[in-house]
Amino acid sequence: MTARVFADTNLFIYAESQDQDKSSRAIEIIQDAPVISTQVINETVSVLTRKHGFLLSEAHEIAESLLDLCEVVAVDTDTIRKAIDLAKRYSLSHWDSLIIAAALLADCRTLFSEDMQHGQVFDGQLTVTNPFETDLS
């Protein structure tokens, strides 16, 4: 059984970008059906429409495809409580701690993110990997 991986929002943004190298790497990860949270879907819609000029209908189509392709975990009260604890212990932003909490609660071992410190390990279980900085093949 392969270790479970969690994908941060930036992968889904790069999958839609004009940066061919980052886009192809992001798509490669997404095709392996990573775990994501409801936060990731909502942030993807927001960033695509606010910062990248996508129509809301286009962003919603992408959100629908993520719902179908990925394993989606909800951000619930347990996730928020864990996020608050992580934010305190690791000096994280609330939004980053929600991503990490969701990944930990989903029993993931790898968190693909460009926005967090590459190689950082949370709770001895979850390692942040910048997929654009490392050859992961």
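Bear in mind these aren't lab numbers, they're just calculated from the coordinates by the rules spelled out. All values reported here derive from a predicted model rather than from experimental measurement. Positions of Cβ are generated from backbone atoms using ideal geometry, with glycine treated the same way; all protein chains shown enter the neighbour counts.
Below, the figures for the structure above:
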{"quantity": "Karplus-derived 3J(HN,Hα), 6.51/-1.76/1.60, for each residue of segment 23-33, Hz, glycine and proline x", "calculated": "4, 5, 5, 5, 4, 4, 5, 4, 5, 8, 6"}
{"quantity": "Label-point separation, W95 to S65 (7 Å along Cα→Cβ), nm", "calculated": "2.3 nm"}
{"quantity": "Dipole axis of the chain (+1 Lys, Arg; -1 Asp, Glu on Cβ), positive-most option in S17, A102, F6", "calculated": "A102"}
{"quantity": "Folded to 0 to 90 degrees: helix 38-51 orientation relative to the chain principal axis, Cα", "calculated": "40 degrees"}
{"quantity": "Part-to-part distance (alpha-carbon centres) for segment 59-76 and segment 108-131, which is given in Å", "calculated": "21 Å"}
{"quantity": "F132, F12 arranged by Cβ crowding within 10 Å, fewest neighbours leading", "calculated": "F132, F12"}
{"quantity": "For A101, net neighbour charge (Lys/Arg +1, Asp/Glu -1) across residues whose Cβ lies under 11 Å away", "calculated": "-3"}
{"quantity": "MRE, 222 nm, helices only [DSSP H, n ≥ 4, -39500 (n - 2.57), over the chain, to nearest 500]", "calculated": "-16500 deg cm²/dmol"}
{"quantity": "Cα gyration tensor shape for segment 5-129, rounded if a/c is under 1.5, else prolate or oblate", "calculated": "prolate"}
{"quantity": "Net charge contributed by nearby residues that have their C-beta within less than 15 Å of I62 (K/R +1, D/E -1)", "calculated": "-4"}
{"quantity": "I36, I80 arranged by Cβ crowding within 10 Å, fewest neighbours leading", "calculated": "I80, I36"}
{"quantity": "Distance between modelled label sites at H118 and D85, nm, 7 Å Cα→Cβ extension", "calculated": "3.1 nm"}
